[in-house]
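What follows is a single structure, written as structure tokens, with notes after it.
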Amino acid sequence: MQIVIGSDHAGFHLKQELSQWLRQCGYELEDIGSHDPEPVDFPDISYALCSKVREGNGKRGILVCGTGVGAVIASNKVKGIRAAVCHDVHSAHQSVEHDDVNVMCIGAQIVGPWLARDLIAAFLEAEFVQDADFIRRVEKLSQLEQSN
């Protein structure tokens with residue numbers, strides 16, 4: 001699976017640590033920035049990451065900012081993206097299983113590296129459940145996106 005990872009300055013250090021861990025786990029990783037701890041605007045990073053996720057099948061995105069909230073707001077503005085803030089393992093896998101989430105946002109000021117690794121593992125190992133109810137609801141999300 002191809003993973004796109006990004007962060008703003010608040011998430012930079014955690015993103016660096018997680019990137020190294022993901023590579024050690026054998027994931028193909030594309031880091032879209034930020035590439036240093038200097039201030040950067042999270043909407044720019046979110047858009048760059050979401051654009052990469054939309055380009056290809058099998059890609060998921062991981063965004064790290066201070067709380068995850070700004071990143072998820074920006075990400076959900078991008079057509080074709082379903083993003084969730086995940087600070088617990090259940091949400092990390094269920095967001096994919098029930099809602100076909102393709103971008104997970106986490107807050108470096110909320111979770112530490114050990115929990116972030118557990119969240120990412122749950123997110124990446126999860127698959128969308130092909131249940132009629134879940135399919136119908138995700139299709140309705142797409143319809144909402146088209147109506148704007």
> How much length, in nm to one decimal, is gained on full extension between residue 147 and residue 41, taken as 0.36 nm per residue of separation minus their Cα-Cα distance?
Replying inline: 35.4 nm
> What translational diffusion coefficient, in µm²/s and rounded to a whole number, does the Stokes-Einstein relation yield for region 2-146 at 10 °C and a viscosity of 1.306 mPa s, taking the hydrodynamic radius as the Kirkwood radius over Cα pairs?
Replying inline: 107
> So what are the ³J(HN,Hα) numbers for region 43-56, from phi and the Karplus equation (6.51, -1.76, 1.60; θ = phi - 60°), rounded to whole Hz, Gly and Pro as x?
Replying inline: x, 5, 5, 4, 5, 4, 5, 5, 4, 5, 5, 5, 5, x
> How high is the relative contact order of the chain, in percent, with contacts defined as C-alpha pairs under 8 Å that are six or more residues apart?
Replying inline: 23
>> Please list, in order along region 93-105, the HN-Hα scalar couplings obtained from phi with the Karplus expression 6.51 cos²θ - 1.76 cosθ + 1.60 (θ = phi - 60°), rounded to whole Hz, x for Gly and Pro.
In response: 8, 5, 4, 7, 4, 9, 10, 6, 5, 10, 9, 10, 10
>> Using the crude model of +1 on Lys and Arg Cβ and -1 on Asp and Glu Cβ, and no other charge, please compute the dipole size for region 1-137 relative to its Cα centre, in debye to 20.
In response: 280
>> Spelling out what I want: for every residue of region 136-142, take phi, set θ = phi - 60°, compute 6.51 cos²θ - 1.76 cosθ + 1.60 (Karplus), and round to whole Hz; glycine and proline get x.
In response: 4, 5, 5, 4, 5, 4, 5
>> Under 10 Å, Cα contacts only: if you run a Gaussian network model on the chain, which one of 80, 66, 112 comes out with the highest mean-square fluctuation?
In response: 112
>> Viscosity 1.306 mPa s, temperature 10 °C: what is the translational diffusion coefficient of region 10-88 from Stokes-Einstein with a Kirkwood Rh over Cα pairs, rounded to a whole number of µm²/s?
In response: 122
> Taking springs between alpha-carbon atoms closer than 10 angstrom, which of 109, 94, 20 fluctuates most in the Gaussian network model of the chain?
Replying inline: 20
> Between residue 132 and residue 110, how many nm apart are label points set 7 Å from Cα along the C-beta direction?
Replying inline: 3.5
> Taking amide hydrogens as modeled 1.01 Å from N in the peptide plane, which residues meet the under 5 Å criterion relative to residue 85, leaving out close sequence neighbours?
Replying inline: 105
> Non-local amide H neighbours of residue 5 (under 5 Å, H modeled in plane, Pro and chain starts lacking H): which ones?
Replying inline: 30, 31, 32, 62
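Read-outs throughout are calculated quantities, based only on the coordinates presented, and are distinct from any laboratory measurement. If you're wondering where the values come from, they're calculated on a predicted model, not measured in any experiment. In this analysis, Cβ positions are derived from the backbone assuming ideal geometry, glycine residues included, and neighbour counts consider all displayed protein chains.
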